[in-house]
Amino acid sequence: MSTALGVARGRPGLPAALRHPVLWVAVALVALSGLWAAIDAPESLITEIAIYTLYGAAVNLLVGYTGLVPFGASVFFGCASYAAAISLLRVVPNEIAALVFAVGFSLVLALCIGLIILRRRGLYFSLLTLAFSQTAFEIAFKWTALTGGENGLQNVPRPLLADPVAFHVFALATVTGGMWLLWRIAHSPFGRTLQALRDNEQRVRSLGYDTFRLKLTAFVVMGGFIGYAGSLLALLLRGAYADNLGWQHAGDALLMTVLGGVHQFLGPLFGAITFVILEDRLSALTQNWWLLFAPVILVFALGSPEGIIGLAQRIMGRPRWTLTRPGIPPRPAAIAPWQSAHLALDANQPILEVSGLHKRFGSLITASDLRIEVHPFRLHSFIGPNGAGKTTFFNMLTGLLTPDAGTIRFQGRDITRLADFRRVRLGLGRSFQILSVFRMLTAFENVRIAVQARHPAAGGLWRDAYAMAAVNARTWSLLDAVGLADRAGEMCKNLAHGEKRLLEIAITLATEATLLLLDEPLAGLAEADRDVVGRLIRRLADSHAVLLIEHDIDRVLALSDRISVLHQGRLIADGKPAEVAADPEVISAYLGTAHGAPPSAAVSPAISAARAPRPLLEISGLGAGYGGSTVLDGVDLLVGVGEAVALLGRNGVGKTTLLRAITGTVRASAGRIVLEGAPIAGRPSFEINRRGISLVPEGRRVFPNLTVIDNLLLAARPGGASLDEVYDLFPKLRVLARARAESLSGGERQMLAIARALMVPAKLILLDEPFEGLAPAIVQEVMTALERLRGTVAMVIVEHHAETVLPLVDRAYVLVNGQVAFAGSAPTLQADAALQARLLGVMQAEANVA
């Protein structure tokens, strides 16, 4: 088995033909056939393994590739077996015709069922498939005249393949052919898009794909392959029986797939081999064979969630998904510079007209009589404090939310009720405030999926997606434009936050939109990257219409042609940047100070070296990374009791990885992590938390379906802060105590995340980008709260903007390429602009606004 797994992974040094997983399907089935012949055992068991391999692989087209879990895919398996048996007994002359009829019947049945149940998601979808299977069982069991009832249909003729060996060879050959077809589909534009759909359906829709049609097509394709497997079983048994439709066997194929590994193309093969052989051997020992088989399932479920193949990969030290072949198309010798098409639009005519737009959620009004025009070839910024309704406005523009009243016209067409993916096809492209990418795909594939959406063959089932030269070339150009060409082959989940933000911008540009809606594209970027992206946005505005939401007010004022300001769901200002910057209502509601300068916190003097605190956390020689790559290399760090420490560095240098290593979510490969004299490296995350380390994660990660008070009480433990104490720190949370977290603004969620971390008896709080995406006034509130915490609890603050965090902390560390490049007092680094520029790429000059 390990040899087959190595080949399927693409082991270096083996010819491409020998790395093909379908070859190993054939090898495994032929080898098993030879073994059974050698021990003079009936080949029917191997035929059954082959049939269930195809059955499981078809189910995995939905589970592993699309992210849908059908509990009742047996409806196609059982119904197709009846279709084949009935047709042979009453209609068609031979097996080939019966197989064609059964597959056609399954395709039609899958289409009808899919149109009904794919309107539902998650558990509802799964249960509906089971309901259809059980309904079919009841019909088959009671319609005796057609199905034979509980006796089933027997003595089904097999005129062309009467010889068992001939049928065995036929079954193995056609099953192998079916697996080849599934492998081909997985690499087609359609199959590649399914994998993006599995990761992030909303993002796929925002690229212009009709996700319902994608899921329906996958469901029908699954039904066709399962139908073929079911009709083969009818020919093998020379009969059809209702048992295959009942709930007792509805999950057999799903169980085999999970047992082998849902994220492995060969998972259904190894799952079927294990399941069928164990069932055969154990059932010969006892009728209650499941009592012996269940522990096997439990062991794999607990010890190897990726199944048999995942376990073998882990032993070999090479874990990865094998749903598709590894690698990406070769990088061109010279990447063509990315250029956006100059649009033939009238700059004097608005491309977007919004009039009388209203939206409310209960008593909360997020849009009140909004009226705005956006013109081509201008950068129009849309700003406002956290919770003003900016993202809600974008969601109404793109169709994710339906306004209660008002109209949205795009290029003269009313799109107020148009489906979101159809708006994208008209020329509306957007990025998201919260990163929206495809985590389990490479950076290249993230962008390629977006580029492919505009190609005529985007839904093709046959062509190899990586053979589309024009799509590949465009993808490389976009990756190069945002500085990610060298990271093209990296899995998105392994990219740094700033790199993911750049990747999302490339995905948005790939839609070739007429109007670009950019929701905080600079959030989480280091200063050097903000300059790059800022210039890119300005260049885009020369050839497109751009509507920008952003909290970096200096940059907004410097780049924008026009600014609209939203506050409490209504527009309070609209005009040129200088006019808006001087508007008293804008200054009061949003900027907090003139020209949006970041408010400075009044901080107490830094801890002096003469009275250095007792060590709390000591890190020495720390190494860590992902999937064999090294992110941290020999990191040393010290945090004293009650001390505030800043952790600075450009994107991708390992700041978040260091926090994850401290909290135990990333295993350290070298070095020591000691908390109050006790080593904690390798300990489970919950134990590290109980020892006194709390994390305020990047992106807040509050529980959206719980209220504010429930979020807090869920984390509360004896010795932690009380509700009154956190309400005193963040008074706004007392007012919002009964509000669900999903209704909070970004700033309110950040306050909740910090308060939640204080509800445990924390000695050290790790804050990952606590000011990201917050308006200056909210930044002031959070900074004031953190200043009040100084001395009472130790803090490590990860932040991109040195000028924001250095006045707040005692000492600072700067990471460069996973190593500590600076360790010293915060005032020292704050006073050395040249050192900041060298280590952080920070631009000290502020934007001048006329």
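The values are calculated or read from the model by the stated rules, or taken from the named source; none is laboratory data. Because the structure is a prediction, the values reported are computed rather than measured. A quick note on method: Cβ atoms are made from the backbone with ideal geometry, for glycine too, and the neighbour counts reach across all protein chains shown. Side chains included, ligands, DNA and RNA excluded: accessible areas come from the protein's heavy atoms. Shrake-Rupley method; radii C 1.70, N 1.55, O 1.52, S 1.80 Å.
Extent of the range 484-581 along each principal axis, from alpha carbon coordinates, in Å, largest to smallest?
45, 25, 25 Å, listed from the longest principal axis down.
Measure nothing fancy, just the Cα-based angle from helix 290-303's long axis to the longest principal axis of the chain, in degrees from 0 to 90, nearest 10.
For helix 290-303, the angle is close to 30 degrees.
Kirkwood-based Rg over Rh for the range 185-247 (C-alpha set), two decimals?
Expressed as Rg/Rh, it is 1.18.
How large is ³J(HN,Hα), in whole Hz, for each residue of the range 247-259 in order, when computed from phi with the Karplus curve 6.51 cos²θ - 1.76 cosθ + 1.60 and θ = phi - 60°, using x for Gly and Pro?
Using θ = phi - 60°, the values come out as 5, 4, 10, 4, x, 4, 5, 5, 5, 4, 5, 5, 4 Hz.
Roughly what angle does helix 122-142 make with the longest principal axis of the chain, taking Cα atoms, 0 to 90 degrees, to the nearest 10?
The angle comes out at about 20 degrees.
When the accessible area of the chain is computed with all protein chains present and a 1.4 Å probe, what percentage of it is carbon and sulfur?
57
So how far apart, in nm, are the two label points at Q202 and R454 if each is 7 Å from Cα heading toward Cβ?
2.5
Quick one: length gained pulling R417 to A336 fully straight, 0.36 nm per residue minus the C-alpha distance? Could the numbers behind the result be given before it?
Numbers: separation 81, 0.36 × 81 = 29.16 nm, distance 3.90 nm.
Full-extension gain reported as 25.3 nm.
Going by Cα centres, the range 387-424 and the range 94-160 are how many Å apart?
42
Placing +1 at every Lys and Arg Cβ and -1 at every Asp and Glu Cβ, with all other atoms neutral, what dipole size does the chain have around its Cα centre, in debye to the nearest 20?
I would put it at about 800 debye.
Tell me what the chain gives for mean residue ellipticity at 222 nm when only DSSP H runs of n ≥ 4 count, each as -39,500 (n - 2.57), the sum divided by the residue total, rounded to 500 deg cm²/dmol. Let's see the in-between values first.
Values: 34 runs with 392 residues, N = 850.
Per the formula, -14000 deg cm²/dmol.
As a quick test, which of the pairs K359/K763; K493/K763; K390/K732; K359/K655; K359/K493; K215/K655 have an alpha carbon distance above 32 angstrom in this structure? Write out the running numbers ahead of the final one.
Values: K359/K763 44 Å; K493/K763 30 Å; K390/K732 20 Å; K359/K655 39 Å; K359/K493 35 Å; K215/K655 39 Å.
The pairs that break the limit, which is 32 Å between Cα atoms, are K359/K763; K359/K655; K359/K493; K215/K655.
Which net charge results for the neighbourhood of L808, defined as the other residues with beta-carbon distances under 10 angstrom from its beta-carbon, given Lys and Arg at +1 and Asp and Glu at -1?
Local charge sum for L808: -2.
Can you list the residues, at least 5 places off or on another chain, whose amide H is less than 5 Å from the amide H of A573, using H built in the peptide plane?
Distant-sequence amide H within range of A573: V565.
What nm distance separates the two modelled labels at R121 and V165, each placed 7 Å from Cα along Cα→Cβ?
My value for the distance between the label points is 5.5 nm.
How high is the FRET efficiency from E373 to A823, r the C-beta distance, R0 60 Å, rounded to 0.05?
The pair E373/A823 has a calculated efficiency of 0.70.
Rank-order 255-262, 244-251 by packing density, defined as the average count of other C-beta atoms within 10 Å over each peptide's residues, highest first.
Result, highest mean Cβ count within 10 Å first: 255-262, 244-251.
Give me, ordered by chain and number, the residues 5 or more places off M795 or on other chains with an amide H under 5 Å from its own placed amide H.
E643, A644, V645, I765
Counting alpha carbon pairs within less than 8 Å and at least 6 residues apart, what relative contact order, in whole percent, applies to the chain?
In percent, rounded to a whole number, it is 11.
On full extension of the chain, what length is gained from R463 through N94, given 0.36 nm per residue of separation minus the C-alpha to C-alpha distance?
So the extension gain works out to 129.6 nm.
Over the chain, give the accessible area per residue in Å² for a 1.4 Å probe, as an integer. Don't skip to the end; give the middle numbers.
Working: 34100 Å² over 850 residues.
With the other protein chains kept in place, the chain gives 40 Å² per residue.
Could you give the angle, 0 to 90 degrees to the nearest 10, between helix 746-758's Cα long axis and the longest principal axis of the Cα atoms of the chain?
90
Quick one: length gained pulling E676 to L282 fully straight, 0.36 nm per residue minus the C-alpha distance?
Gain on stretching E676 to L282: 136.5 nm.
Taking the Cβ-Cβ separation of E787 and F212 as r and a Förster radius of 51 Å, what is the calculated FRET efficiency to the nearest 0.05? Write down the numbers at each step before the final one.
Working: r = 51 Å, r/R0 = 1.00.
The calculated FRET efficiency here is 0.50.
Using a 1.4 angstrom probe and counting only protein chains, how large is the accessible area of L548 in Å², to 10?
My reading of the accessible area for L548 is about 10 Å².
Per residue, what volume in Å³ does the convex hull of the Cα atoms of the chain enclose?
Hull volume over Cα atoms, normalised by residue count, gives 190 Å³.
7 Å from Cα along Cα→Cβ at both A737 and L146: what's the point-to-point distance in nm?
With each label point 7 Å from Cα toward Cβ, the separation is 6.2 nm.
Sort W289, W180 by heavy-atom solvent-accessible area, probe 1.4 angstrom, most to least.
Accessible-area ranking of W289, W180, largest first: W180, W289.
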